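Undergrad: Sharing a structure, written as structure tokens. Questions coming.
Values quoted throughout were computed directly from the atomic coordinates according to the rules given, and no laboratory measurement underlies them. The structure displayed is predicted, hence computed values, not measured ones. Please note: Cβ atoms are built from the backbone with ideal geometry, for glycine as well, and neighbour counts cover all protein chains shown.
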Amino acid sequence: MKALIQRVSSARVEVAATCVGAIEQGLLVLVGVEPQDDQASASKMLHKLLNYRVFSDADGKMNLSLSDVQGGLLLVSQFTLAANTKSGLRPSFSSAAPPQQGAQVFDELVAMARSKHAQVATGEFGADMQVHLVNDGPVTFLLET
């Protein structure tokens, strides 16, 4: 599982010009599910998302986690994140999980997140989404399980 996390001041996802998920300060997370991913992968990723220290403390050091700042978590499925881009000039999606598995693992991640964190929003799996964000920093990391 891959997660591209971006620290944001605010972010929202729209589907057909309707907002389906929004947060204020927190993390926008683009999630790519790969064939080997399962509930254990989702659990491990959620632990990283909630505890990865990317928010500034009083001294301006990145020492605080999403849980520490009680920020929002916006989870957006993005199968293109799992693409193989090592050769050629066109991405291959053979390294991404099939849609049914991707939806199941993503839904498990969302359910676990909602049980452990107060502010969780999502996009819509498989939809054509428009993601709007105000990147804070910018601070962006690629996490993998």
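Undergrad: What does the net charge come to around Asn84 if you take all other residues with beta carbon closer than 15 Å to its beta carbon, with K and R at +1 and D and E at -1? Provide the component values of the computation, followed by the final result.
TA: Values: positive: Lys2, Lys86, Arg90; negative: Glu34, Glu144.
Result for the neighbourhood of Asn84: +1.
Undergrad: Continuing with this model, one more query. Helix-only estimate, please: 222 nm mean residue ellipticity of the chain, summing -39500 (n - 2.57) across DSSP H runs of length 4 or more and dividing by its residues, to the nearest 500. Kindly include the intermediate steps, with their values, before the conclusion.
TA: Working: 3 runs with 35 residues, N = 145.
Dividing the helical sum by the residues of the chain leaves -7500 deg cm²/dmol.
Undergrad: Another one. Would you mind computing, in nm to one decimal, how far apart the modelled labels at Gln100 and Asn135 are, each placed 7 Å from Cα along Cα→Cβ?
TA: Modelled inter-label distance: 3.7 nm.
Undergrad: Rounded to whole Hz and in sequence order, give me ³J(HN,Hα) for segment 126-142 from the Karplus expression 6.51 cos²θ - 1.76 cosθ + 1.60, θ = phi - 60°, writing x for Gly and Pro.
TA: x, 7, 7, 10, 10, 9, 10, 8, 10, 6, 9, x, x, 10, 9, 9, 9
Undergrad: Taking other Cβ within 10 Å of each residue's Cβ, how do Phe106, Phe93 sort, fewest first?
TA: Values: Phe106 26, Phe93 11.
Least to most surrounded, the residues fall as Phe93, Phe106.
Undergrad: Any idea what the relative contact order of the chain is, in percent, if you count C-alpha pairs under 8 Å spaced at least 6 apart?
TA: Values: 320 pairs, mean separation 56.5, N = 145.
Computed value for the chain: 39 percent relative contact order.
Undergrad: Within the chain, which is the longest segment that contains none of the GluC sites (Glu not before Pro) sitting in a DSSP loop with at most 16 other Cβ atoms within 10 Å?
TA: On the way: sites that count: Glu24, Glu124.
Here the longest segment lacking exposed loop sites spans 25-123.
Undergrad: Taking loop as defined by DSSP and a crowding limit of 16 other beta carbons within 10 Å, which trypsin sites (Lys or Arg not before Pro) in segment 22-115 fit? Write down the numbers at each step before the final one.
TA: Details: sites: Lys44, Lys48, Arg53, Lys61, Lys86, Arg114; in loops: Arg53, Lys61, Lys86.
Listed in order of number, the matching sites are Arg53, Lys61, Lys86.
Undergrad: Using each residue's phi in segment 66-78, evaluate 6.51 cos²θ - 1.76 cosθ + 1.60 at θ = phi - 60° and report the 3J(HN,Hα) Karplus result to the nearest Hz, with x for Gly and Pro.
TA: Working through the residues one at a time gives 4, 4, 4, 8, 6, x, x, 10, 10, 9, 10, 5, 8 Hz.
Undergrad: Above 14 Å lies some portion of the pair distances; for segment 76-145, what is it as a whole percent of all C-alpha pairs? Display every interim value, and only then the final one.
TA: Working: 1724 of 2415 pairs.
Roughly 71 percent, rounded to a whole number.
Undergrad: Which FRET efficiency value, to the nearest 0.05, is calculated for Ala16 and Ser43 with the Förster distance at 30 angstrom and r the Cβ-Cβ distance?
TA: Working: r = 32 Å, r/R0 = 1.07.
E between Ala16 and Ser43, to the nearest 0.05, is 0.40.
Undergrad: What share of the DSSP beta bridges in segment 2-144 is antiparallel, in percent to the nearest 5?
TA: Details: 27 of 36 bridges.
Of those bridges, close to 75 percent are antiparallel.
Undergrad: For the chain, find the longest principal axis of its Cα atoms and tell me its angle to the long axis of helix 99-116, 0 to 90°, nearest 10.
TA: For helix 99-116, the angle is close to 20 degrees.
Undergrad: Would you mind getting the Kirkwood hydrodynamic radius of the chain from its Cα pairs, rounded to one decimal in Å?
TA: Evaluated on the chain, it is 15.4 Å.
Undergrad: Pairing the Cα long axis of helix 39-51 with the longest principal axis of the chain, what angle in degrees results, from 0 to 90 and rounded to the nearest 10?
TA: 30
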